[in-house]
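Read-outs: derived from the displayed coordinates by stated rules, not from any lab. Owing to the predicted nature of the structure, the values given are computational and were not obtained by experimental measurement. Ideal geometry is used to build each Cβ from the backbone, glycine not excepted, and the neighbour counts take in all protein chains shown.
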Amino acid sequence: MLLDKRGVHFIGIGGIGMSGIAIVLLEMGYHVSGSDLESNDLTEKIKRMGGEVFKGHAPLNIPKDVELVVYSSSISKDNPELVIAKSRSITVVHRAALLAELLNRKKGIAVTGTHGKTTTTSLISVMLENCNLDPTVIIGGEVDRFRGNAKLGRGKYVVAEADESDSSFLRFRPSYSVITNIEMEHVDHFKTLKAVRT
């Protein structure tokens, strides 16, 4: 299980999807590090929470105690941190694999679709919060109620935005799935509308 590994490094930690997972892991007590080409409000928040954030990608950015390296679809295969992690035999996974493990450990609610994922995920999360169900939330946008894009809750629900662009969301086994709509999009990955639907 990926969540058994306590030292986690994110390549591209400043992205909206990666930072949300990093924030939840920090709140769970994990040692979190990561790198990004530029600093932003999310990387600054992660640093304030105790995460270690490096500007730029370099092999030395990966701390010695790291057991898991997480990357997103935007990271190239020749990224120096990805290359060194593999050479050190560190477990390397796509962000969807780690998000799936977080989502699948409780009553997961996954939201996907061509349009409206962030809004719908936010609405569901705030409704659960208003019902005092204290969900864990990982959203592809910032929500005033949570002062950011993620939070660890003590309740039984995990609400996450599921990116459909590369089919990585197929790893998820949520208790509930919300599909906002289906249209022909991401034609570099899906060649037909039938492929999108399946």
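If each DSSP helix of 4+ residues adds -39,500 (n - 2.57) and the sum is divided by the residues in the chain, what number results at 222 nm, nearest 500 deg cm²/dmol? Here the helix-only value at 222 nm equals -8500 deg cm²/dmol. Basic side chains Lys and Arg get +1 at the Cβ, acidic Asp and Glu get -1 at the Cβ, and with that the dipole of the chain about its Cα centre reaches some 620 debye. Remark on region 71-141: hydrodynamic radius 14.5 angstrom, per the Kirkwood mean of 1/r across alpha carbon pairs.
Modelled label positions at Lys64 and Arg105, each set 7 Å beyond Cα in the direction of Cβ, lie 2.7 nm from each other.
Simple rule: put +1 on each Lys or Arg Cβ and -1 on each Asp or Glu Cβ in the chain, find the dipole, and look at Ile109, Val32, Ser87; the Cα lying farthest toward the positive end is Ile109.
With a simple spin-label model that places each label point 7 Å from the Cα along the Cα-to-Cβ direction, the separation between Asp78 and Ser175 comes to 4.7 nm.
Distance between the C-alpha centres of region 82-131 and region 136-163: 9 Å, rounded to the whole angstrom.
Close amide-amide hydrogen proximity is noted between Ser33 and Val8, His9, Phe10, Glu52, each under 5 Å apart and 5 or more residues distant or on a separate chain (H modeled in the peptide plane; Pro and chain starts excluded). Taking the chain as a Gaussian network, where each spring joins two C-alpha atoms under 10 Å apart, which residue of Asn149, Asn104, Asn79 fluctuates the most? Maximum fluctuation in the GNM of the chain, among the listed residues, is at Asn79.
Direction-averaged shadow area of the convex hull around the Cα atoms of the chain, nm²? Each step should come with its number before you reach the end.
Numbers: hull surface 43.2 nm².
Mean projected area for the chain: 10.8 nm², to one decimal.
If you run the Gaussian network model on the chain, springs between alpha carbon atoms under 10 Å, then out of Glu38, Glu27, Glu142 the most flexible one is Glu38.
Restricting the calculation to Cα atoms, every distinct pair contributes to the Kirkwood radius of region 1-102, found to be 13.1 Å. Helices that extend 15 Å or more along their long axis by alpha-carbon positions and average at least 0.5 on the Kyte-Doolittle scale are, among the DSSP H runs of the chain, 16-27. Close amide-amide hydrogen proximity is noted between Gly153 and Thr136, Val137, each under 5 Å apart and 5 or more residues distant or on a separate chain (H modeled in the peptide plane; Pro and chain starts excluded). Based on C-alpha pairs under 8 angstrom that are at least 6 apart in sequence, region 51-141 has a relative contact order of 20 percent. A straight Cα-to-Cα reach below 23 Å connects Lys5 with the lysines Lys45, Lys47, Lys64, Lys77, Lys86, Lys106, Lys107, Lys151, Lys156, residues fewer than 8 places away in its own chain not being considered.
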